[in-house]
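Note sheet for the following structure.
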Amino acid sequence: MKAMSSAYFVFCALAAPAGAQSLTPLETLGRALFFDTELSLNGNQACASCHSPDAGFAADLATINAAGSVMEGSVAGLFGNRKPPSAAYASPAPVFHHTAEDGGFLFVGGAFLDGRATGATLGNPTADQALGPFLNPVEMALPHAACVVQKVCNGSYSAEMAAVWGAEICNIDLPDSLAAQCSGSGAHIELSDASTAKVEAAFGRIGLSISAYESSPDVNRYSSKYDRYLAGAVTFSPQEAAGLALFEGKAECSACHITGPGPNAEPALFTDFTYDNLGVPRNPASPVYLNAPEWVDIGLAGFLLTDTLFDEVANGQMGKFKVPTLRNVAAGESRSYMHNGYFKTLEGVVRFYNTRDVWPACNEALVAETQALARHCWPEAEVSLNVNTAELGDLKLTADEEAAIVAFLSALSDQ
């Protein structure tokens with residue numbers, strides 16, 4: 001196998017998870033791709049830039065999490081409009097589908113917070129998702145899949161691609177001018193039909209490789225105190241034990257963040273892969289409001305409106321976002337929570353779940369978490385339709401019970 005460049009190994013030594021597990025050749029290739037900043041327009045952003053091992057594979061920049069919580073892309077000054085979710089424990093998600101519930105639709109699975117990486121393309125939602133940031137102008141910003149494929153196939157691990165996916169995977173007739181075209185965003189790139197088909201095949205294999213790494217024990221360790229507690233290796237403190245009992249009982253957290261085995265008999269994933277509108281307020285610090293002050297993120301409905309099969313039912317999904325795993329929810333020194341990073345602390349999240357429908361509405365629409373907590377009010381929901389009032393909003397938890405739930409959540413981070 002071709003030796004990787006010294007620059008690559010320096011980067012991985014700084015960014016890859018400590019105590020990395022033994023990986024298969026496919027997972028090793030995926031890890032190389034995951035940490036490679038060269039796979040972006042300006043050579044400055046990798047998957048790991050927004051999904052850091054130090055923060056449970058979520059974003060870990062304190063200045064970002066303390067404010068708008070959306071990451072700046074490869075192009076300076078361009079930001080996304082949602083907080084990056086954790087890449088850990090996402091791989092067990094099923095292909096996006098729906099079932100009937102209470103006379104309506106219950107959507108399940110997929111990747112991205114709105115489910116738009118359905119898994120229909122590659123048979124795997126996280127593989128579909130892995131390809132999105134490469135071509136997103138506010139993320140890694142490359143103008144065409146051929147640019148990604150050329151960088152990978154001409155890069156320091158082309159031999160690894162061949163070893164894993166076959167010698168022909170990078171045998172693609174690409175224009176001599178492609179590298180120059182790929183250096184500018186928005187470039188119009190034309191390929192022959194044969195080259196297009198080969199690029200699409202190689203691009204898909206890149207997504208599958210990254211997904212394999214995201215499915216690996218490097219990323220999904222199941223090594224939290226909770227896991228060791230279930231194995232009988234440690235005991236919970238009285239506060240943590242009380243938090244677990246509340247989580248599965250009075251607080252109703254496990255209704256969506258289920259504590260039973262995952263779909264492939266994995267240990268608890270703390271998600272049912274469904275979608276919910278919790279009534280989260282808008283984040284006043286989000287940069288999206290600088291140019292679009294009235295912008296509203298409608299979540300799952302935004303994706304459904306692009307699909308003629310589901311556009312007529314989108315109204316019933318307004319404001320819903322994918323239920324995240326709670327594993328690693330307290331990992332790292334800097335975190336923010338919900339699709340827009342409105343909450344900066346787990347204490348704030350639990351207080352919101354407990355009092356959303358008890359405290360009065362704030363007078364202003366844009367009120368930061370710290371101000372809302374100090375004033376004992378909550379701003380209006382970003383989307384008022386479809387708010388879940390059955391399982392949160394007035395849980396009647398005491399302050400000690402709230403603290404116990406936070407203590408339990410803190411026991412879900414991998415060691």
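Structure values in brief
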quantity	calculated
Test: residue in the range 55-76 that is in contact with a His (Cβ under 9 Å, 6 or more places away or on another chain), aliphatic (A, V, I, L, M), within 29 Å of Tyr289 (Cβ to Cβ) and part of a strand (DSSP E or B)	yes
Count - residues of the range 343-372 that are charged (D, E, K, R), buried (at least 19 other Cβ atoms within 10 Å of the Cβ) and out of contact with any Asp or Glu (no Cβ under 7 Å at 6 or more places or on another chain)	2
Hits in the range 255-277 - residues which are within 19 Å of Tyr229 (Cα to Cα) and surrounded by fewer than 17 Cβ atoms within 10 Å (Cβ to Cβ)	Thr259, Gly260, Pro261, Ala265, Glu266
Among residues of the range 72-81, those that are in contact (Cβ under 8 Å) with a residue 24 or more places away in the chain and touching a Phe, Trp or Tyr at 6+ places or on another chain (Cβ under 8 Å), counted	2
Residues that are surrounded by fewer than 16 Cβ atoms within 10 Å (Cβ to Cβ), of a type outside the set (S, T, N, Q) and within 17 Å of Cys253 (Cα to Cα), drawn from the range 373-402	Ala390, Glu391, Asp394, Lys396, Ala399, Asp400
Residue check for Ala187: at pLDDT below 95 and part of a loop (DSSP other than H, G, I, E, B)	yes
The one condition in (1) among the hydroxyl-bearing types (Ser, Thr, Tyr); (2) in contact (Cβ under 8 Å) with a residue 60 or more places away in the chain; (3) not assigned by TED's automatic domain parsing to the domain that holds Val406 that Thr308 fails to fulfil	(2)
Every residue from the range 369-392 that is farther than 24 Å from Leu300 by Cα, in contact (Cβ under 8 Å) with a residue 12 or more places away in the chain and out of contact with any strand residue (DSSP E or B) (no Cβ under 8 Å at 6 or more places or on another chain)	Thr370, Leu373, Arg375, His376
So Ala314, is it crowded, with 16+ Cβ neighbours inside 10 Å, among the small types (Gly, Ala, Ser), in a helix (DSSP H, G or I) and touching a Leu at 6+ places or on another chain (Cβ under 8 Å)	yes
Hey, Ala201 in a loop (DSSP other than H, G, I, E, B) and free of Cβ contacts under 8 Å to residues at least 60 places away in the same chain or not	no
Which listed residue, of Asp114, Asp128, is part of a loop (DSSP other than H, G, I, E, B), more than 30 Å from Gln415 (Cβ to Cβ), at pLDDT 95 or above and in contact with a strand residue (DSSP E or B) (Cβ under 6 Å, 6 or more places away or on another chain)	Asp114
Residues that are in contact (Cβ under 8 Å) with a residue 40 or more places away in the chain and at positive phi, drawn from the range 222-269	Tyr222, Glu252
Criterion violated by Phe105 - all others in (1) touching a residue at least 40 places away in the same chain (Cβ under 8 Å); (2) surrounded by fewer than 21 Cβ atoms within 10 Å (Cβ to Cβ); (3) outside any strand (DSSP E or B) satisfied	(3)
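The values are calculated or read from the model by the stated rules, or taken from the named source; none is laboratory data. Values in this document were obtained by computation on a predicted structure and should not be read as measured data. Note that we place each Cβ from the backbone using ideal geometry, even for glycine, and neighbour counts take in every protein chain shown.
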